[in-house]
Amino acid sequence: MVSGYVGGDTLDFDVFKVTWGNQVYPVNYWKKINDDWKLQANYAYSQFGQVFALGEIFQFVNGIETHTVKTKFEYSAMTNQNWTIGVEQRWTDAYFGREILANDINSRDEGMYSLSSPFIQNQIRLGNWFFQPGLRVNYQDLLDAWTYEPRISTTYAIDRNRKIDFHVGKYYQYVNSILFSNFESINEFYYPSKKVPGKTIEPSNSILFSLGFSEEKLLDKYNWGAEVYYKTLNNLISYDPNSQPDSVLTNVNAKLGQSFEKSEGYSYGLELSFRKPAGIVYGGISYSYGYSVLNENNEVFPANWDKPHSVKTDLSLNWKGKQSESIWTHKEKGRYLRSSTGLSWTSGLPFTGVTGYYKTHGVDQGGGERAGGPNPVLEGNIATPYDGRNETRYPDYFRWDIKIIDMGRYNKWNFSWTILNITNNENVLSYNYTQTNPPKRQTTAQFPFFPLLLSFEYYF
């Protein structure tokens, strides 16, 4: 199987501009060697690039290009066991360019690395118990170091419709997601694990524990489940130039990794779901509670993605389609006509607010065209000091969509007409401040900016 995808987006706001896009070309091959052995081989090329610019202050350019080859064999001759053994080889070229106008810095930080990852896994069934232990080993050439990822999943089937799942495992990430201390960004930015002058950017990693219960066909109609989890967060990287010496900040040849600080943390949570999967009317509701906290330089604060509460619900109505699952039966097999609606509400994300403003005059300010101060976010002779890290939260997020028409033929074509955000709720993306005395807060709202969405899909 050969497939491909190419996409790109551009957002141009008054305060910042964001462009991003990616392309992916995977090739997959399967072969049954004999009754006991199966082969699966994969090759994939992917490229991702983005630009984030904040007014006349700075601009970041980020890109990742990856070639991946993966081969695995499955052996199923043993009773109640299924072995999988293989290796994944990845070559990644990651670059990060930055232009900081205040310091006249224009630099590019690039690193290409090779990651070799042999792995082994077994699936074992003993009565009502199902075990899936596995081990993945990684070697990355830039670090010249090995890491190990043991994991195991266990399922106990109480009966045909009820089961308990448990999982524990360790996971490493060699392309690290960058945490920007006080900058808002739509997308994540990435930096590879490597050695830079004065420090080593270690791969981020986590240990995940999860325990869940699920039941299907409750009263012959409903499915429901509950899951709790706990995850450690280790070696996360945060861009914190204010903590670096001038020899790094003013050096045009400095690597971006020299401006990183390390963060540690943890997260835990609960997820509940209840769903009616089929029928004339079907849908479901889910609730999640989560808590994520980070510790950076002995400062403890909520993680940027921390959302204590989240509720999502959807409801669909089959007008025409399969008999017994629609109000009217469609004469043509596989055809359907339905309508649906979806609603989501989440707690507001945390951000670092400002406590006020003050006049400044730097030593090298000259005619007063550039602000000084320890944490200015404005240019001019007005600056706003920051509040505690992520101590403030945006308003809660709410969105209600209605798909009025959803029609087509299964595995052939589909046409839909959706009204997005019908309450026109202004979900906040970020706050910014004008260069006036006093500064005025400006709000940038999230998507959608347009209320209507027409979609047509055709499957070859």
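Determine the alpha carbon to alpha carbon distance for each of K359/K440; K163/K221; K217/K412; K194/K231 and list only those over 20 Å.
Those over the limit are K217/K412; K194/K231.
Within region 1-130, the proportion of Cα pairs with more than 17 Å between them is 71 percent.
Fully extending the segment from N128 to D35, taken as 0.36 nm per residue of separation minus the present Cα-Cα distance, adds 30.9 nm. For Cα Rg over 2.2 N^0.38 Å, one of (1) 1.11; (2) 1.15; (3) 0.99 was computed from the structure I shared and the rest are decoys. Which label? Entry (2).
Quick one: with all protein chains in place, what share of the accessible area of the chain is carbon or sulfur, to the nearest percent (1.4 Å probe)? Heavy-atom surface of the chain belonging to carbon and sulfur, 1.4 Å probe: 55 percent. Electrostatic tally near G169: other residues with Cβ closer than 12 Å to its Cβ, Lys and Arg +1, Asp and Glu -1, net +3. One decimal place: the segment R335-L270 gains 19.6 nm when fully extended, by the rule 0.36 nm per residue minus the C-alpha distance. What does the charge add up to near N42, with Lys and Arg as +1, Asp and Glu as -1, over the other residues with Cβ less than 15 Å from its Cβ? Computed value for this residue: +3.
So between E457 and N28, what do we pick up on full extension, going 0.36 nm a residue minus the alpha carbon distance? Spell out each step's value before the answer.
Numbers: separation 429, 0.36 × 429 = 154.44 nm, distance 2.36 nm.
So the chain would gain 152.1 nm between E457 and N28.
Legend: residue pairs K32/K170; K199/K307; K276/K312, Cα-Cα distance threshold 21 Å; pairs beyond threshold, K32/K170; K199/K307. Based on C-alpha pairs under 8 angstrom that are at least 6 apart in sequence, the chain has a relative contact order of 7 percent. Based on Cα contacts under 8 Å between residues 6+ apart, region 33-166 shows a relative contact order of 17 percent. Computed with a 1.4 Å probe over protein heavy atoms only, the accessible surface of the chain comes to 56 Å² per residue.
Reported to the nearest whole Å, the Cα centre-to-centre distance from region 7-85 to region 112-175 is 19.
The values are calculated or read from the model by the stated rules, or taken from the named source; none is laboratory data. Keep in mind it's a predicted model, so treat the numbers as computed, not measured. Positions of Cβ are backbone-derived with ideal geometry, glycine not excepted, and every protein chain shown enters the neighbour counts. Heads up: the accessible areas ignore ligands, DNA and RNA and are worked out on the full protein's heavy atoms, side chains in. Shrake-Rupley method; radii C 1.70, N 1.55, O 1.52, S 1.80 Å.
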